[in-house]
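The values are calculated or read from the model by the stated rules, or taken from the named source; none is laboratory data. As the structure is a prediction and not an experimental result, all values here were calculated from the model. Don't worry about glycine lacking a Cβ; one is built from the backbone with ideal geometry, like all the others, and counts go over all protein chains shown.
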Amino acid sequence: MAKKPFLENVLEGGLFASRWLMAPFYVGLIAALGALMVVFFQELITELPMLWTLDAEGRFSMHAEDAILLALSLIDLSLAGNLVVIVMFAGYENFVSKIDTGDHEDRPSWMGTVDFSDLKLKLIASIVAISGIALLKAFLELGDDAEFGVVAQQKLMWQVLVHLTFVVSGVLLALMDWLTGHQKGH
């Protein structure tokens, strides 16, 4: 085997070491996860007391629709947090370095097995779920109003179109991965 030139070895070593420039991005995702947690608890602390608050007519302020909207908001934040964790772990392990947790019992089974293709699919699936929840919240916020303004109609139409775009993108990504996987097998 022929020995590589010195400059080529230095260049390849530098390229390989440059993967560590991604590490601060993953530390930033930890901060984003913390921000999501703060917003989660702010939402919970703000809305939960409404369960026991009475309105002017002596009825509880929080109705079923309000409770559903609260639950959807919390689920939305939870899904966003899950997405950050998946991107953080899978991205770090795929592009920077393996995370050595030994045989820790709490190590997620998917850690170390999510490749870039899986990460794309998990990412788009999470985005579709988050978009779907936002769309459901928008429909619930319409309430029983049979008539709503042109601005609200346009906003809802755009939300539906954006959601459908995410769904179609997800289906196309999955189809491309499926086709690529079948091509490799032949």
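Observations, loosely collected:
- Matching residues, region 64-98, being surrounded by fewer than 13 Cβ atoms within 10 Å (Cβ to Cβ) and assigned to a loop (DSSP other than H, G, I, E, B): Ser97, Lys98
- Selection within region 134-156: residues that are at pLDDT 75 or above and either over 28 Å from the mean Cα position of the chain (by Cα) or among the charged types (D, E, K, R) (or both). The member of this set that is farthest from Ser73 (Cα to Cα) is Lys155.
- Qualifying residues in region 108-130 (those that are surrounded by 14 or more Cβ atoms within 10 Å (Cβ to Cβ), farther than 19 Å from Met176 by Cβ and modelled with pLDDT under 85) - the one nearest to the chain's Cα centre (by Cα): Met111
- Matching option when the condition is over 23 Å from Phe166 (Cβ atoms) and modelled with pLDDT of 85 or more, among Leu48, Leu72: Leu48
- Test: residue in region 37-52 that is in a helix (DSSP H, G or I), among the aromatic types (Phe, Trp, Tyr) and surrounded by 10 or more Cβ atoms within 10 Å (Cβ to Cβ): yes
- Search result, residues across region 12-57 that are acidic (Asp, Glu) and farther than 28 Å from Leu74 by Cα: Glu12, Glu57
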